[in-house]
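Since every read-out is calculated from the coordinates, none of them should be taken as a lab result. Computed from a prediction, not measured in an experiment: that's the story for all the values here. Glycine gets a Cβ as well: all are built from the backbone with ideal geometry, and neighbour counts include every protein chain shown.
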Amino acid sequence: MRVKVYKAMKSPSNSSVVYVFIEEDKDIKDIDIPVPVKDRLGDLRQVNSLEINHGEKRIALDADEAINNINNTGYHIQGVGMNLTLADH
């Protein structure tokens with residue numbers, strides 16, 4: 001499945017990033033994301049376009065789950081968080 005990837009301009013924390021995936025031939029304005037979710041995401045900016053396939057191994061993305069969500073709801077929301085701890089040497 002060919003998808004467009006949008007980055008949410010609001011993030012739940014400083015250490016996380018949220019992405020929304022939709023089918024490439026769709027317009028993000030036509031996707032029925034619930035208003036409370038849209039409000040939490042803020043503006044969405046397209047950052048990528050890529051191919052995802054069932055059974056594919058990807059870092060930080062369950063391709064099967066993403067494809068199923070897109071087929072069922074029109075979108076997939078993926079959050080990526082990162083916690084770093086710096087230690088004195």
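The distance between label points at D30 and N48 comes to 2.5 nm (points 7 Å beyond Cα on the Cα→Cβ vector).
Over the C-alpha atoms of the stretch 2-81, the Rg to Rh ratio, Rh being the Kirkwood estimate, stands at 0.94. Descending by average beta-carbon neighbour count within 10 Å, the peptides 61-74, 24-37, 41-54 line up as 61-74, 41-54, 24-37, the highest first.
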